[in-house]
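Bear in mind these aren't lab numbers, they're just calculated from the coordinates by the rules spelled out. Bear in mind that the values here come from a model prediction, so they are computed numbers and not experimental data. Note that we place each Cβ from the backbone using ideal geometry, even for glycine, and neighbour counts take in every protein chain shown.
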Amino acid sequence: MERERIKETLLSILYKEYGYEANELSEDTSFGGDLGLDSLDRFNICYEIERKLNIEVDEDEIDDNTTIGNLIDLAHKKSRR
């Protein structure tokens, strides 16, 4: 799967679920430190990625310091298996 499609899907999730506009975010934005998302939010994001893209990302693989770019790369790597 193309990395850009994963990025667009993740940004869409962050907008629909949490109200963040794409222009407010960068690949360096962290889920915990910058967005203030907790473990339940991260679980929800992983669930939505799996549901929308059929890519399994375990919520234990991301934490407060994980950035949007890190998650895109992780999902991209997993989609290529």
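Side notes on the structure shown:
- Length released on extending from residue 23 to residue 38, taking residue separation times 0.36 nm less the Cα-Cα span: 3.2 nm
- Each of 43, 31 was scored by other Cβ atoms within 10 Å of its Cβ. Arranged with the fewest first, they read 43, 31.
- For the chain, the residue among 37, 76, 14 whose Cα projects farthest onto the positive side of the dipole built from Cβ charges is 76.
- Compared with the direct C-alpha span, the chain from residue 50 to residue 64 gains 3.1 nm at full extension, assuming 0.36 nm per residue.
- Only Lys, Arg (+1) and Asp, Glu (-1) charged, at Cβ; the chain dipole about Cα centre in debye: 520
- At full extension, residue 73 and residue 3 could sit 24.5 nm farther apart than now, given 0.36 nm per residue minus the alpha carbon distance.
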